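**Q** First the structure, then my questions, so here it is.
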């Protein structure tokens with residue numbers, strides 16, 4: 001199968017994925033009992049026989065586990081890493097076909113990723129929002145405190161404030177000496193309070 005993919009396709013496995021989509025679509029349309037409406041993981045689990053069919057007499061790994069964002073699937077042909085690559089591409093195509101039939105309610109666009117490790121391929125299907133993301137969406141937006149506004153002042157008050165801050169400071173000598181008018185008052189007061197004259 002990989003030779004056919006490299007000869008007819010570009011060698012990336014896209015041809016095998018397209019083949020997997022076409023074959024799985026035919027199987028799912030002919031046998032409606034394989035489709036679990038609104039349950040993509042359940043529909044993919046029922047496609048195990050479809051994935052095993054080309055590999056007669058060879059032990060095939062097919063382990064599906066649900067998770068918060070969708071499911072993870074481990075597929076592979078024990079002891080045959082090249083055959084595992086072919087199974088991976090066929091399975092990715094089958095999952096894409098199953099997604100068209102299952103139509104999970106509230107699902108996000110299907111995102112598939114796969115990684116090969118020796119004779120196993122780990123496929124991750126993400127199409128559900130994690131519970132933390134759902135809670136974030138449902139929660140009302142937090143009320144942020146409004147920025148503190150400066151008190152509204154009249155234009156004349158603002159001009160007075162600017163003039164007071166920009167006025168040159170008085171010299172220290174002027175501030176320490178009392179004005180002339182005060183000196184005179186004190187002097188006149190002393191003259192009046194002089195000692196009383198003898199009678």
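The values are calculated or read from the model by the stated rules, or taken from the named source; none is laboratory data. Owing to the predicted nature of the structure, the values given are computational and were not obtained by experimental measurement. Glycine gets a Cβ as well: all are built from the backbone with ideal geometry, and neighbour counts include every protein chain shown.
**Q** Out of (1) surrounded by fewer than 19 Cβ atoms within 10 Å (Cβ to Cβ); (2) free of Cβ contacts under 8 Å to residues at least 60 places away in the same chain; (3) over 13 Å from residue 100 (Cβ atoms), the odd one out for residue 26 is which?
**A** (3)
**Q** While we're on this one: Among 37, 29, 18, 3, which is the only one that is out of contact with any strand residue (DSSP E or B) (no Cβ under 6 Å at 6 or more places or on another chain), more than 18 Å from residue 110 (Cα to Cα) and at pLDDT 85 or above? Give the derivation first.
**A** Details: 37 fails: more than 18 Å from residue 110 (Cα to Cα); 18 fails: more than 18 Å from residue 110 (Cα to Cα); 3 fails: at pLDDT 85 or above.
Testing whether each residue is out of contact with any strand residue (DSSP E or B) (no Cβ under 6 Å at 6 or more places or on another chain), more than 18 Å from residue 110 (Cα to Cα) and at pLDDT 85 or above leaves just 29.
**Q** Do we find a residue being surrounded by 12 or more Cβ atoms within 10 Å (Cβ to Cβ), farther than 26 Å from residue 29 by Cβ and at pLDDT 50 or above anywhere in region 99-111? Talk me through it step by step, then tell me what you get.
**A** So the first thing to find is which residues in region 99-111 are surrounded by 12 or more Cβ atoms within 10 Å (Cβ to Cβ), and the list is 99-104, 107-108, 110.
Now drop any that are not farther than 26 Å from residue 29 by Cβ, which leaves none.
No, region 99-111 has no match at all.
**Q** Out of the residues in region 42-69 that are assigned to a helix (DSSP H, G or I) and free of Cβ contacts under 8 Å to residues at least 60 places away in the same chain, state the one that is surrounded by the most Cβ atoms within 10 Å (Cβ to Cβ).
**A** The initial filter retains those residues of region 42-69 that are assigned to a helix (DSSP H, G or I), namely 42-45, 48-52.
Cutting the leftovers down to free of Cβ contacts under 8 Å to residues at least 60 places away in the same chain gives us 43, 45, 48-52.
Working: 43: 25, 45: 17, 48: 17, 49: 10, 50: 22, 51: 19, 52: 16.
My answer is 43.
**Q** Which of the residues that make up region 40-58 are in contact with a strand residue (DSSP E or B) (Cβ under 8 Å, 6 or more places away or on another chain) and at pLDDT 85 or above? Lay out the reasoning, then the answer.
**A** From region 40-58, those in contact with a strand residue (DSSP E or B) (Cβ under 8 Å, 6 or more places away or on another chain) are 40-41, 44-45, 48, 51-52, 55, 58; that's our starting set.
Matches in region 40-58: 40, 41, 44, 45, 48, 51, 52.
**Q** Turning to a different aspect of this structure: Restricting attention to region 70-85, does a residue exist that is outside any strand (DSSP E or B), touching a strand residue (DSSP E or B) at 6+ places or on another chain (Cβ under 7 Å) and modelled with pLDDT of 90 or more?
**A** no
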